[in-house]
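S.K.: Structure in structure tokens, see below.
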Amino acid sequence: MKDTGFNPYEMAQAQFDSAAEILGLDTASREVLRVPLREYQFSLPVRMDDGSVGVYRGFRVQHNDARGPCKGGVRFHPAETIDTVRALAMWMTWKCAVVDIPLGGGKGGVVCDPHNLSMREQEQICRGWVRKLAKNVGPVTDIPAPDVMTSSQHMLWMLDEFEHIYGGHYPGFITGKPVGMGGSLGRTEATGYGVVFTIREALRELGIDPEKTVASVQGFGNVAQFAIELYQQIGGKVICVSCWDQTDQQAYSFSNSQGIDLKALKGITDRFGGIDKAKAKELGCEILDGEAWLEQDADILIPAALENQITGDNVERISKKVKIIAEGANGPTTPEADRTIQSRDIFLIPDFLANAGGVTCSYFEQVQSNINYYWEKDDVLSRLDLKMTAAFAAVSELSRKRKLYTRDAAYVIAVDRVAKACRDRGWV
Ligand code: NAD
């Protein structure tokens, strides 16, 4: 969310238009699918700790629910905009469709910076967000989840407010709940692990031994940390990570050609995924500029921070050695950069496939909440692996068969499924 004039909604629409073109989609379906079905924008007044009132802007966008209730995270970010939320809601629709789970696409956000808010103030924002939306969200209409700078604690406050309003237990209203309070084992790991399930499959297709590979990662938050954990377990080495430095208001990369020590690095990282520079140096990391992660001599790049990171301006900095880009973040690559990546024959695992592990596990959480029986962690993760592997195989096969860029192949599968649901329901 840098202020560069970049508009993720326009990018999401351009990507959709190109898929609609490949599919030869009729005009009515295009009109229904390229904009959200519903969107809500509201002000949230909050009593601050010092007695003053802070007023925050809140959003919820429901892009499409033809295949099932809307599903999507709630982000807390100072630079959140309605267009970012619209884009992310749209990507959620495609994400649920590409992994073939019976959910639609939604997203929410609040323009706020949790770095400067106490937990009590954040709780008030969560409760206020639910009060504003209680009539428009729910277990059979729209199910929120954690996202950037929101956690299981935020979800529990939101659930508690919803249950106060409706006077009952509705654990299926929200996912990402704490384990023991209706949460699913494996949810914390799900997105990062899911990214690596797809990387493992891509390596298998390319005939590359994971143990001979090296990766560089942008970000060091939830997605990045668990992606690194599983990637190291399958034998890979991570030589660089990056993060946002709240004090300096800029990003830094942390490189170590011997491979980073995940456990030690996590020990010097705050809850926002910010790494302590001085302590990282003591761990043998070299501190480089924010974009250095991109130009490392790695086989695999994992952008897992935020959108608009690989652009026309920096795509040429990607090392010639890179064979796979797995998009852990949503929308990290602009269409201009996409063209270069495609021409260089880098195997791209597009965002809404690569990071679909989170929503897939959220779906499992809903299923468990609804039947009130909770699966073992191994059970959750092996079901996740099955779903991710099947989705990867379908995208990769279509890409090969029709000689499509993998992003286009993923779009074609997803858009086709959602368009069919709209037709079958008689909407178009
Ligand atoms: P997070 O808040 O836990 O971590 C974000 C990380 O990115 C932090 O380490 C932060 O310091 C870093 N960062 C922020 N700005 C940066 C910059 N300019 N350069 C380098 N690093 C920067 O968030 P997360 O949950 O890991 O999510 C990361 C991305 O993955 C987001 O795009 C999110 O929408 C997407 N995603 C998350 C999930 C999930 O389950 N958490 C699911 C699907 C997609």
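The values are calculated or read from the model by the stated rules, or taken from the named source; none is laboratory data. Please read all numbers here as calculations on a predicted model, not as lab measurements. Every residue, glycine among them, receives a Cβ derived from its backbone with ideal geometry; neighbour counts consider all protein chains shown. Side chains included, ligands, DNA and RNA excluded: accessible areas come from the protein's heavy atoms. Shrake-Rupley method; radii C 1.70, N 1.55, O 1.52, S 1.80 Å.
S.K.: Over the stretch 189-345, what is the mean sequence separation of C-alpha contacts under 8 Å (at least six apart), divided by residue count, expressed as relative contact order in percent?
M.R.: Value for the stretch 189-345: 24 percent.
S.K.: A follow-up question, please. How much accessible area per residue does the chain have, in Å², with a 1.4 Å probe?
M.R.: Roughly 40 Å² per residue, with all protein chains present.
S.K.: OK, next. On a C-alpha basis, how far is the centre of the stretch 385-412 from the centre of the stretch 32-85 in Å? Whole number, if you could?
M.R.: Centre-to-centre (Cα) distance: 31 Å.
S.K.: Further question on the same structure: With springs only between Cα atoms under 10 Å apart, run a GNM on the chain and tell me which of L117, L203, L156 wobbles the most.
M.R.: L117
S.K.: If amide H atoms are built 1.01 Å from N in the plane of the peptide, which residues on other chains or at least 5 residues away come under 5 Å of the amide H of V74?
M.R.: Amide H neighbours of V74: G108, A145, D147.
S.K.: Further question: Between the stretch 94-151 and the stretch 214-264, what is the C-alpha centre distance in whole Å?
M.R.: So the two Cα centres are separated by 27 Å.
S.K.: Among the complete DSSP H segments of the chain, which ones combine at least 15 Å of alpha-carbon extent along their axis with a mean Kyte-Doolittle hydropathy of -1.0 or more?
M.R.: For the chain, where a helix must reach 15 Å along its axis and average at least -1.0, the hits are 8-23, 82-98, 152-166, 187-206, 222-233, 357-371, 377-401, 406-424.
S.K.: Counting helices only, and only those DSSP H runs with n ≥ 4, report the 222 nm mean residue ellipticity of the chain as the sum of -39,500 (n - 2.57) divided by its residues, in deg cm²/dmol to the nearest 500.
M.R.: About -14000 deg cm²/dmol.
S.K.: In whole Å, what three semi-axes, largest first, describe the equivalent ellipsoid of the stretch 28-185 built from its Cα gyration tensor (square root of 5 times each eigenvalue)?
M.R.: 25, 18, 13
S.K.: Can you tell me what share of the DSSP beta bridges in the stretch 57-111 is antiparallel? A percent to the nearest 5 is fine.
M.R.: Roughly 55 percent of the DSSP beta bridges within the stretch 57-111 come out antiparallel.
S.K.: Please report, in cubic angstrom per residue, the volume enclosed by the convex hull of the alpha-carbon atoms of the stretch 189-345.
M.R.: Each residue corresponds to 100 Å³ of Cα convex hull volume.
S.K.: Per 0.36 nm of contour for each residue apart, how much would the distance between L283 and T389 grow if the chain were fully extended, relative to their Cα-Cα spacing?
M.R.: Gain on stretching L283 to T389: 34.6 nm.
S.K.: A further question follows. Quick check: pseudo-label points 7 Å beyond the Cα along Cα→Cβ at E291 and R131, how many nm apart are they?
M.R.: Distance between the two pseudo-spin positions: 4.6 nm.
S.K.: Give the relative contact order (percent, whole number) for the chain; include only Cα pairs under 8 Å separated by 6+ residues.
M.R.: Relative CO of the chain lands at 17 percent.
S.K.: Suppose every Lys and Arg Cβ carries +1 and every Asp and Glu Cβ carries -1, with no other charges. What dipole size does the chain come out with about its Cα centre, to the nearest 20 debye?
M.R.: 960 debye
S.K.: In a shell of Cβ-Cβ distance under 14 Å around C240, excluding C240 itself, what net charge do Lys and Arg (+1) and Asp and Glu (-1) give?
M.R.: -4
S.K.: Could you tell me which residue out of Q342, Q122, L25 lies farthest along the dipole of the chain toward its positive end? Charges go on the beta carbon: Lys and Arg +1, Asp and Glu -1, centred on the Cα centre.
M.R.: Checking the options against the dipole of the chain, the answer is L25.
S.K.: Which of these, F42, F352, F392, has the largest mean-square fluctuation under a Gaussian network model of the chain (Cα springs below 10 Å)?
M.R.: In the Gaussian network model the winner is F42.
S.K.: OK, next. Give me the one-decimal Kirkwood hydrodynamic radius in Å for the chain, with the sum taken over alpha-carbon pairs.
M.R.: Answer for the chain: a Kirkwood hydrodynamic radius of 21.6 Å.
S.K.: Could you check which residue among L262, L88, L159 shows the biggest mean-square fluctuation in a GNM of the chain with a 10 Å Cα cutoff?
M.R.: Result for the chain, Cα springs under 10 Å: L262 fluctuates most.
S.K.: Counting DSSP beta bridges in the chain, what percent are antiparallel, to the nearest 5?
M.R.: About 55 percent, rounded to the nearest 5.
S.K.: Moving on. Can you give the local net charge around D49? Use residues other than it whose beta-carbon is closer than 12 angstrom to its beta-carbon, Lys and Arg +1, Asp and Glu -1.
M.R.: Around D49, the charge tally is -1.
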